[in-house]
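K.L.:
This is the structure, below, for whatever I ask next.
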Amino acid sequence: MDQAEQLRILKAEKQQPKSLARVIAVTSGKGGVGKSNTSINLAIQFKKMGKRVIILDADFGLANIEIMFGTVPEHSLSDLIYQGKSITDIITWGPMGVGFISGGSGIVGMSNLSHDYLNYIIKNLVQLDSIADIIIVDTGAGISDAVLEFLVASGEILLVTTPEPTSITDSYSLVKALYRHPKFDAETMKVKLIANRVGKASEGQTLFNKLNAVLERYLKVPMTYLGYVPEDFHLSRSVMQQVPVSLHNPGARSTAAYERIAARLLDREEAQRQPKRGMAAFFSSIITTKR
C-alpha cells in the first residue's frame, strides 16, 4: 500500500461519525453448528434492549440470513459498489426493524477497484455508524482467507461451537489460524465462545474448558466464555417456519439463553473493554489486507 492510499483511507476514517458502531463477527470452524441462527437471535435480543442493529451477511454463496428472516433483499453490497446504490438502498429491514445487508460477492471484488472509488465506497459505508449501534458480521464457516480477514477486521469475535468432536477440532484449527494471522492482536482481539446445542449448563462449561485448555497450552492465549444455548425443539421448529425463536417463542429455553448472552455482551464493563472500530476501520482493514 503506497502513501497516497494510506492518506485516502485515513481521510475516510476521520470523516466518520463521532459515534462508532460496535462491529461483532460471528463465526464457526465448520458449517451447520448454528452460526447464522446465533447472529439473528442476538440481533433480535439487542433490538429488544434498545439497540439499533444491522447484520452484514458475509457468508458468500449462501443466503442463510434472508432465508431465516423469510424475506428476499432487492439489493446487495455489490449494488452499492458497482451500481451506485446508496447505503440505505441496500439495507433490507427484517423482523423488529433489524436490518441486514446481503454481501453478495461485493467485498471479494473490492481489491480490484481504484483507490478513489474505494474511498468513495468507504465514505458510503461509514454512514452505517449513524444508522446502527451494533453491526453483526455473519461470516462464512471454516478457515478461508476471507473469513480470517473479516475476523481480524472486526476485532470482536464470537465463536459458535457444538459438542461434536469435529466442531471442537475445527474450532481449534480456526482459532490457531486466527492467532497466526499477521493482523491479529491478542491484546485487543478476544475470542468469545458460545457453546451451542448442549444438554445443560454444565455441558457448555465442560465444552469451553476442554477447548480453552488446549488453546492455553499450545497458543498461550485464553478465550472468554459467553454462555450456552441448549438443544431446543422450539429453536428447530422456528428455523423451519423462518421466524427467529426469540420472536416465535419468547418463553423457549433457547430464547432465554440468547437473552443472557446478549445481556452479557452489553454489560457496561464488557462494552467498555471492547473498543468500537466502526465501519471505516472494518472495511479499510479488509482492503489493505487484500492489496
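K.L.:
Filter segment 171-193 down to residues that are part of a helix (DSSP H, G or I) and aromatic (Phe, Trp, Tyr) and give me whichever is farthest from Phe282 (Cα to Cα). Step through it out loud before you land on a result.
P.N.:
Quick first cut of segment 171-193, residues part of a helix (DSSP H, G or I) only: 171-179.
Add one more test, that the residue is aromatic (Phe, Trp, Tyr), and what stays is 172, 179.
On the way: Tyr172: 24, Tyr179: 18 Å.
Restricting to residues being part of a helix (DSSP H, G or I) and aromatic (Phe, Trp, Tyr), the top hit is Tyr172.
K.L.:
Quick check: anything in segment 215-230 under 20 Å from the mean Cα position of the chain (by Cα) and among the charged types (D, E, K, R)?
P.N.:
Checking segment 215-230: not a single residue is under 20 Å from the mean Cα position of the chain (by Cα) and among the charged types (D, E, K, R).
K.L.:
Could you list, in sequence order, all residues of segment 30-54 that are assigned to a loop (DSSP other than H, G, I, E, B), closer than 20 Å to Ala132 by Cβ and either touching a residue at least 24 places away in the same chain (Cβ under 8 Å) or among the hydrophobic types (A, V, I, L, M, F, W, C) (or both)?
P.N.:
Within segment 30-54, the first condition is being assigned to a loop (DSSP other than H, G, I, E, B), and the residues that meet it are 30-34, 49-52.
Remaining after also requiring closer than 20 Å to Ala132 by Cβ: 49-52.
The answer is Met49, Lys51, Arg52.
K.L.:
Also: Could you list all residues from segment 55-74 that are in a helix (DSSP H, G or I), in contact (Cβ under 8 Å) with a residue 40 or more places away in the chain and either more than 17 Å from the chain's Cα centre (by Cα) or surrounded by fewer than 21 Cβ atoms within 10 Å (Cβ to Cβ) (or both)?
P.N.:
Step one: filter segment 55-74 for residues in a helix (DSSP H, G or I), giving 64-69.
Then keep just the ones that are in contact (Cβ under 8 Å) with a residue 40 or more places away in the chain; that gives 64-65, 67-69.
Once the filter is applied, which keeps residues that are in a helix (DSSP H, G or I), in contact (Cβ under 8 Å) with a residue 40 or more places away in the chain and either more than 17 Å from the chain's Cα centre (by Cα) or surrounded by fewer than 21 Cβ atoms within 10 Å (Cβ to Cβ) (or both), segment 55-74 yields Asn64, Ile67.
K.L.:
Please go through segment 178-191 and give me each residue that is surrounded by fewer than 21 Cβ atoms within 10 Å (Cβ to Cβ) and either among the β-branched types (Val, Ile, Thr) or modelled with pLDDT of 95 or more (or both), ordered by number.
P.N.:
Thr188
K.L.:
Could you list all residues from segment 135-170 that are part of a strand (DSSP E or B) and within 10 Å of the chain's Cα centre (by Cα)? Working first, answer last.
P.N.:
Of all residues in segment 135-170, those part of a strand (DSSP E or B) come to 135-139, 156-161.
Selection gives Ile135, Ile136, Val137, Asp138, Thr139, Glu156, Ile157, Leu158, Leu159.
K.L.:
Further, regarding this structure: Output the number of residues of segment 75-119 satisfying the condition of being in a helix (DSSP H, G or I), surrounded by fewer than 18 Cβ atoms within 10 Å (Cβ to Cβ) and at pLDDT 75 or above.
P.N.:
Looking only at that region, the number is 3.
K.L.:
From the list Ala195, Ala201, Ala256, Ala252, which residue is closer than 15 Å to Glu164 by Cα and among the small types (Gly, Ala, Ser)?
P.N.:
Working: Ala201 fails: closer than 15 Å to Glu164 by Cα; Ala256 fails: closer than 15 Å to Glu164 by Cα; Ala252 fails: closer than 15 Å to Glu164 by Cα.
The conditions single out Ala195.
K.L.:
Are any residues in segment 123-151 buried (at least 23 other Cβ atoms within 10 Å of the Cβ) and either hydroxyl-bearing (Ser, Thr, Tyr) or free of Cβ contacts under 8 Å to residues at least 24 places away in the same chain (or both), and if so, which ones?
P.N.:
Within segment 123-151, Thr139 is the sole residue that qualifies.
The values are calculated or read from the model by the stated rules, or taken from the named source; none is laboratory data. Owing to the predicted nature of the structure, the values given are computational and were not obtained by experimental measurement. Quick reminder, even Gly has a Cβ in these numbers, built from the backbone with ideal geometry, and neighbours come from all protein chains shown.
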